[in-house]
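Asker: Pasting in a structure now, in structure tokens, and then I'll have a few things to ask.
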């Protein structure tokens with residue numbers, strides 16, 4: 001396919017629309033090799049679903065919680081993911097840090113008004129410990145996990161912490177490695193799920 005064909009891919013719908021995966025997709029019964037990394041049309045972002053169709057990405061907002069109502073959203077997400085989906089006992093999921101007055105940062109991701117992801121941060125022996133990172137199953141292909149991790153890292157840096165660690169589920173090892181984390185332990189069980197301790201120097 002020549003360059004002209006490539007850029008006229010969607011000329012009769014919107015020539016400003018570029019697709020965002022390095023893969024072959026089917027568009028109007030023609031297969032094209034698409035090498036642009038981010039799908040965008042002006043300020044709107046798109047992804048390709050498994051059928052090669054274009055879906056607009058949700059407008060995700062991540063913030064640090066400001067009240068008990070938002071903390072309840074965080075706890076509800078964790079119950080959905082860790083307790084209902086992964087089988088963690090409810091008594092093991094919540095602890096003394098899940099109190100609005102406990103003084104640790106909890107962050108939450110919203111898709112409009114829908115809570116879709118959460119995480120929290122604690123300082124342990126002078127190291128930022130990233131905890132309870134989870135996203136609801138309907139929103140796991142939008143990069144929310146990376147945004148949550150980076151937001152916790154920024155909070156840690158604002159508190160003068162330059163080293164981070166986390167207990168990552170073994171099945172998510174590749175995800176954390178792509179974010180710069182390195183496993184520094186043997187596999188261990190936590191709440192019945194295989195984990196690795198992973199660390200990263202913050203910049």
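Asker: With respect to residue 202, is the statement that it is touching a strand residue (DSSP E or B) at 6+ places or on another chain (Cβ under 9 Å) and crowded, with 17+ Cβ neighbours inside 10 Å true? Break it down stepwise before answering.
Answerer: Numbers: touching a strand residue (DSSP E or B) at 6+ places or on another chain (Cβ under 9 Å): yes; crowded, with 17+ Cβ neighbours inside 10 Å: no.
No: the conditions fail for residue 202.
Asker: Being without any contact (Cβ under 8 Å) to a residue 60 or more places away in the chain, buried (at least 20 other Cβ atoms within 10 Å of the Cβ) and touching a helix residue (DSSP H, G or I) at 6+ places or on another chain (Cβ under 7 Å) narrows it down to one residue among 156, 119; which is it?
Answerer: None of the other options fit; the residue is 119.
Asker: State whether the residues of the range 180-190 include one that is closer than 18 Å to residue 122 by Cβ and in contact (Cβ under 8 Å) with a residue 24 or more places away in the chain.
Answerer: Taking every residue of the range 180-190 in turn, none turns out to be closer than 18 Å to residue 122 by Cβ and in contact (Cβ under 8 Å) with a residue 24 or more places away in the chain.
Asker: While we're on this one: Just to be sure I understand, how many residues within the range 154-198 are in contact with a strand residue (DSSP E or B) (Cβ under 8 Å, 6 or more places away or on another chain) and over 30 Å from residue 84 (Cβ atoms)?
Answerer: Number of matching residues: 7.
Asker: Give the range 162-178 a look and list any residue that's buried (at least 17 other Cβ atoms within 10 Å of the Cβ) and either more than 21 Å from residue 95 (Cβ to Cβ) or at pLDDT below 95 (or both), or say none.
Answerer: Result: 173, 176.
Asker: Answer with yes or no whether residue 132 is assigned by TED's automatic domain parsing to the domain that holds residue 71, surrounded by fewer than 21 Cβ atoms within 10 Å (Cβ to Cβ) and closer than 25 Å to residue 192 by Cα. Break it down stepwise before answering.
Answerer: Details: assigned by TED's automatic domain parsing to the domain that holds residue 71: yes; surrounded by fewer than 21 Cβ atoms within 10 Å (Cβ to Cβ): no; closer than 25 Å to residue 192 by Cα: yes.
Against the criterion (assigned by TED's automatic domain parsing to the domain that holds residue 71, surrounded by fewer than 21 Cβ atoms within 10 Å (Cβ to Cβ) and closer than 25 Å to residue 192 by Cα), residue 132 does not qualify.
Asker: Another question about this same structure. Identify, from the list 175, 188, the residue that is in contact with a helix residue (DSSP H, G or I) (Cβ under 7 Å, 6 or more places away or on another chain), more than 23 Å from residue 65 (Cβ to Cβ) and assigned by TED's automatic domain parsing to the domain that holds residue 73.
Answerer: Criteria check complete, one pass: 175.
Asker: Also: Collect the residues in the range 140-153 that are at pLDDT 95 or above and either surrounded by 14 or more Cβ atoms within 10 Å (Cβ to Cβ) or part of a loop (DSSP other than H, G, I, E, B) (or both), keeping them in residue-number order. Break it down stepwise before answering.
Answerer: Here is the first cut: in the range 140-153, the ones at pLDDT 95 or above are 144-153.
Correct list: 144, 145, 147, 148, 149, 151, 152, 153.
The values are calculated or read from the model by the stated rules, or taken from the named source; none is laboratory data. Every value quoted in this text rests on a predicted model; they were computed, and no experiment measured them. Here Cβ is always computed from backbone atoms with ideal geometry, including for glycine, and neighbour counts include all displayed protein chains.
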